[in-house]
């Protein structure tokens with residue numbers, strides 16, 4: 001095998017490998033203050049471990065997220081508060097903003113980008129209010145942690161075609177409710193077809209994934 005062929009093969013193999021973002025490091029100046037803030041958000045505390053006086057790791061995970069954030073002592077040389085535009089995705093921006101306000105988080109009003117798409121984390125193109133026709137990916141709020149690290153919250157109700165879907169549920173109750181909705185819809189499906197569906201597990205799975213993605217539901 002030539003060196004060129006080997007390089008192409010290696011590039012192809014790397015490109016198709018499964019790679020998931022596990023954690024994002026947030027630079028903070030006061031670990032306990034940051035911990036209190038992210039706890040107040042309702043995020044799950046996974047780890048708070050000190051290996052020495054100079055090394056401490058605290059990890060939190062937003063509800064339903066496959067990716068966690070970590071902060072602490074001895075983790076990064078970045079300046080506290082220097083991270084901008086960290087992004088969260090929600091299905092209802094108005095309900096999310098109300099929840100943040102209820103948790104005593106200083107959060108912006110709802111805004112959209114005058115350019116039609118959100119292309120930066122700055123404020124120059126922000127227009128007050130929901131996106132026209134409340135288009136998916138169009139409406140935002142923002143907030144900062146005590147050090148000034150910025151979070152952008154984006155409303156996504158229908159995924160871009162071809163976007164890989166990752167379906168999750170915050171707890172067993174949310175999963176149970178999704179199963180009940182799928183079961184009710186599947187009962188209507190069987191009533192229309194006039195026979196039992198032996199492939200109901202696949203139908204349930206398709207229904208639940210599409211429901212979370214905001215896509216057209218199976219019938």
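Mean separation of Cα pairs under 8 Å and 6 or more residues apart, divided by the residue count, gives the range 84-157 a relative contact order of 42 percent. Counting every other Cβ atom within 10 Å of each residue's Cβ, 18, 219, 167, 157 order from fewest to most as 18, 219, 167, 157. Residue order for 35, 20, 49, fewest other beta carbons within 10 angstrom first, comes to 20, 49, 35. Relative to the current alpha-carbon distance between residue 202 and residue 77, full extension at 0.36 nm per residue lengthens the span by 40.2 nm. Apply the a/c threshold of 1.5 to the C-alpha gyration tensor of the range 84-157 and tell me whether it is rounded, prolate or oblate. Since a/c reaches 1.5 but b/c is at least a/b, the shape of the range 84-157 is classed as oblate. With each label modelled as a point 7 angstrom along the Cα→C-beta vector, the residue 169-residue 39 pair spans 2.9 nm.
Put in line by how crowded their Cβ is, counting other Cβ atoms within 10 Å and starting with the fewest, 125, 104 read 104, 125.
Remark: spin-label model distance residue 186-residue 48 equals 4.2 nm, labels positioned 7 Å along the Cα→Cβ axis.
Each value in this text was obtained by applying a stated rule to the coordinates, not by laboratory testing. All values derive from a computational prediction rather than experimental measurement. Ideal geometry is used to build each Cβ from the backbone, glycine not excepted, and the neighbour counts take in all protein chains shown.
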